[in-house]
Amino acid sequence: MKLDSKIPEGKLAEKWSKYKSSVPLVAPNNKRNIDVIVVGSGLAGASAAATMGELGYRVKCFTFHDSPRRAHSIAAQGGINAAKNYQNDGDSVYRLFYDTIKGGDYRSREANVYRLAEVSTQIIDQCVAQGVPFARDYGGLLANRSFGGVQVSRTFYARGQTGQQLLIGAYQALSRQISLGTVKMYNRHEMMDLVMVDGKARGIIARNLLTGKLERYSAHCVVLATGGYGNVFYLSTNAMASNASAAWKAVKKGAYMANPCFTQIHPTCIPVSGDYQSKLTLMSESLRNDGRVWVPNKVEDAEAIRQGKKKGVDIPEADRDYYLERRYPAFGNLVPRDVASRAAKVACDEGKGVAPTGLAVYLDFASAIERYGKSAANSQGIENPSKAQITALGEKVVEEKYGNLFEMYEKITGENPYKMPMKIYPAVHYTMGGLWVDYNLETNLSGLFALGEANFSDHGANRLGASALMQGLADGYFVIPYTIGTFLSNEIRTGAIDENSQEFLDAENHVKNHLQSLLNIKGSQSVESFHRKLGKIMWDYCGMSRNAEGLRKARTMIRELRDEFYKDLYVPGTLDEFNPELDKAGRVADFMELGELMVLDALDRNESCGGHFREEYQSGEGEALRDDADYTYVAAWEWDGKAPILHKEPLHFENVELKTRSYK
């Protein structure tokens, strides 16, 4: 199948504005007769449902949480990018576009990324109007800070709780539409299947998680805003309930999964401390504005730290290796996430890790505390301040900027990061891959749209920090309300979709039989144990670095584990009741298949780019080595359960030069 990205003609900077001027419209009186299903209530889903409700569509919004405010968007910490150039430091829409293309290692569409950069400026205005409490400087203007992979300050933030504040803004917009009756909210409902009628997405089968009842819901189109699939690795920074099942059900109905091997490993997470863990905790990338990453120069010092004989503060400055500053002087500690993560792995592989497991590096704020302390003392007219005064003043400034993050770190680790350097190590955080979509955010299935992290659209092989919130809100508030008209303008004469049609009945029976088959296995192993085993395979062989031999081994291991899953799984309870173990079983069953596809995609892509690092393809300095001649395309996979079929969408770069990334 030839993939049509439907990118508008014309100059890059004019594509979106011209598109909006010519896109097919649905008249207000017709919108009132059109139903739209939105699955997911995070930033992308809540903003899309609220905006389309405001436009007059009849929206049904689904979340498996007890409230839309529990969506995982709430966990985002550091900020949201926008090309406002409030700092007058040279930022622009084009620079945000270029940084995103380069950060993604030239594996994303120019047109989609430019639109994202263009729309970013509107997001901040929208959120300020909603009352989102962005940080402000002394004069009351909105403040900015830097994130990795850029040399400007364009990240707007609300302390370390930006995702929470943005989600509250989207939630209040959604709540208004719920109260007006334009949006019907279905909490504690999980999408179990996509219903296709005459080749178009016309509804879903949902399960009421409180009662276990299967329910049919119809609409003229379906929008998936269900997040990413990072939990295939078991240990990740995602909420434990985050899953890929809604998107995977669409894949099993014929939707293409694009670039599934492009997963992001975040460099600043609290390290794994034992096999008992079921989740990892993110430490915001914003900390790399002021924290300096280092390991001991001497392996014997690292060994002493691991054994508890020394602490980080005991290592003299001359015996520390600030390896990011040394290797990448132009960007220092603010290199992109994939670069920082691999550098941490290299340091630990050399025996310089500082945790008992050997898998941790330091993130140190001593220099920032001293710098801020001296500045504060000068502002207060304190002459010849003592070291204690400087430290106290500096810690107060750092607390104002990162206090909640430092508090979280201390509660989890028992160490005071004001006095001791933080220990961090990379962990799975985000997935750049997702459902293939065109410029309209429509999948290859007619009437099925995907927003935010659920699609592959904007970030290529590596997402820059603070761009996930930007994409989610851009897609929901400013893109899908326009682009959905290309499909719905042809549906004004369709009439209501019958939930009692044979297609809905067949889909419901399929879901019921699948769930019952999981209950009928009556084996001896829990869902959790299978998920943990799958995650270890994925991390060991398809994690921060991959190679052909390991990927082939992983595919065999996943298939064997899947066979074992369907022979020895034990799920207690029954179908028609509250049964969280059954919920998890269905999600892990989907992870088993998605994991195999991720491995296959990584094996097929014989290059290193962004978060996809094949050990066979690296430069002499250990950097990712792309193969632009053979792999400048989007890999869109069609799943058939046995031998997935690869479809390629060539990527064309007309506005940026395709060249090797350098952050040195």
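Below, the figures for the structure above:
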{"quantity": "Global form of the chain, assessed from the alpha-carbon gyration tensor, a/c cut-off 1.5", "calculated": "prolate"}
{"quantity": "Helical contribution to [θ] at 222 nm, DSSP H n ≥ 4, -39,500 (n - 2.57), averaged over the chain, rounded to 500", "calculated": "-12000 deg cm²/dmol"}
{"quantity": "Förster radius 51 Å - calculated FRET efficiency between D137 and K213 (Cβ-Cβ, nearest 0.05)", "calculated": "0.45"}
{"quantity": "E560 paired with N500, simple spin-label distance in nm, labels 7 Å along Cα-to-beta-carbon", "calculated": "5.2 nm"}
{"quantity": "Most to least accessible of T100, T121 (protein chains only, probe 1.4 Å)", "calculated": "T121, T100"}
{"quantity": "Heavy atoms of R562: accessible area, 1.4 Å probe, square angstrom to 10", "calculated": "30 Å²"}
{"quantity": "Unit charges at the beta carbon, dipole of the chain: most positive-side option, G181, G103, A343", "calculated": "G181"}
{"quantity": "Chain lengthening between K11 and V23 when straightened (0.36 nm per residue, less Cα-Cα)", "calculated": "2.6 nm"}
{"quantity": "Within straight-line cross-link reach of K642, lysines at Cα separation under 17 Å, skipping those fewer than 8 residues along the same chain", "calculated": "K249, K252, K253, K553"}
{"quantity": "Rel. contact order, % - alpha carbon contacts under 8 angstrom, at least six apart, the stretch 7-103", "calculated": "20 percent"}
{"quantity": "Pairwise centroid distance, computed over Cα atoms, of the stretch 585-664 with the stretch 290-318, Å", "calculated": "36 Å"}
{"quantity": "In the stretch 1-108, the GluC sites (Glu not before Pro) that fall in loop regions by DSSP, at most 16 other Cβ within 10 Å", "calculated": "E9"}
{"quantity": "Normalised contact order of the chain, rounded percent, pairs of Cα under 8 Å and 6 or more residues apart", "calculated": "21 percent"}
{"quantity": "Eligible lysines near K352 by straight Cα distance, threshold 24 Å, same-chain separation 8 or greater", "calculated": "K298, K309, K310, K311, K419, K423, K536, K664"}
{"quantity": "Size of charge dipole - the stretch 575-641 - debye, nearest 20, with Cβ of Lys, Arg +1 and Asp, Glu -1, no other charges", "calculated": "160 debye"}
{"quantity": "Surface share of carbon and sulfur [accessible, 1.4 angstrom probe, percent] for the chain", "calculated": "49 percent"}
{"quantity": "Hull-based mean projected area of the stretch 23-91, where the convex hull spans the alpha carbons, in square nanometres", "calculated": "7.3 nm²"}
{"quantity": "Principal axis dimensions, the stretch 457-539 - Cα atoms, whole angstrom, descending", "calculated": "52, 45, 17"}
{"quantity": "Proximal lysines relative to K522, as straight alpha-carbon distance under 18 Å, when same-chain residues fewer than 8 apart are discounted", "calculated": "K512, K567, K584"}
{"quantity": "Cα centre as origin, Lys/Arg/Asp/Glu Cβ charges: the chain dipole, Debye", "calculated": "800 debye"}
{"quantity": "Accessible area in the full protein assembly, largest first, 1.4 Å probe, for H65, H220", "calculated": "H65, H220"}
{"quantity": "FRET efficiency estimate (nearest 0.05) - Cβ-Cβ, D89 to K512, R0 41 angstrom", "calculated": "0.10"}
{"quantity": "Square roots of five times the Cα gyration tensor eigenvalues for the stretch 618-663, Å", "calculated": "27, 16, 7"}
{"quantity": "Added length on full extension, which subtracts the Cα-Cα distance from 0.36 nm per residue, E615 to N378", "calculated": "80.3 nm"}
{"quantity": "Amide hydrogen neighbours beyond the local backbone of V36, cut-off 5 Å, H modeled", "calculated": "R58, V59, K60, H220"}
{"quantity": "Amide H contacts under 5 Å for W436, placed H, 5+ residues apart", "calculated": "Y256, M257, A258"}
{"quantity": "Cα centre as origin, Lys/Arg/Asp/Glu Cβ charges: the stretch 505-664 dipole, Debye", "calculated": "460 debye"}
{"quantity": "Filtered trypsin sites (Lys or Arg not before Pro), the stretch 1-48: DSSP coil and at most 16 other beta carbons within 10 Å", "calculated": "K2, K6, K11, R32"}
{"quantity": "Cα gyration tensor shape of the stretch 448-596, rounded if a/c is under 1.5, else prolate or oblate by comparing a/b with b/c", "calculated": "oblate"}
{"quantity": "Extension gain, M240 back to I412 (0.36 nm per residue minus Cα-Cα distance, nm)", "calculated": "60.2 nm"}
{"quantity": "Kyte-Doolittle mean at least -1.0, axial Cα span of 27 Å or more - DSSP H helices of the chain", "calculated": "110-130, 162-180, 387-413, 580-604"}
{"quantity": "Protection proxy ranking, peptides 409-416, 255-262, 436-443, 68-75, average beta carbon neighbours within 10 Å, highest first", "calculated": "255-262, 436-443, 68-75, 409-416"}
{"quantity": "Highest to lowest packing among 331-340, 508-517, 293-302, 522-531, scored as the average C-beta count within 10 Å", "calculated": "331-340, 293-302, 522-531, 508-517"}
{"quantity": "Net charge contributed by nearby residues that have their C-beta within less than 14 Å of E317 (K/R +1, D/E -1)", "calculated": "-3"}
{"quantity": "For the stretch 497-629: relative contact order, % (alpha-carbon pairs under 8 angstrom, 6 or more apart)", "calculated": "29 percent"}
{"quantity": "N606/K553 FRET efficiency (R0 22 Å; Cβ-Cβ; nearest 0.05)", "calculated": "0.80"}
{"quantity": "Rounded if a/c under 1.5, otherwise prolate or oblate - the stretch 273-372, Cα gyration tensor axes", "calculated": "rounded"}
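The values are calculated or read from the model by the stated rules, or taken from the named source; none is laboratory data. Since the model is a prediction, treat every value here as computed from it, not as a measurement. Positions of Cβ are generated from backbone atoms using ideal geometry, with glycine treated the same way; all protein chains shown enter the neighbour counts. For accessibility, only protein heavy atoms count, side chains too; no ligands or nucleic acids. Shrake-Rupley method; radii C 1.70, N 1.55, O 1.52, S 1.80 Å.
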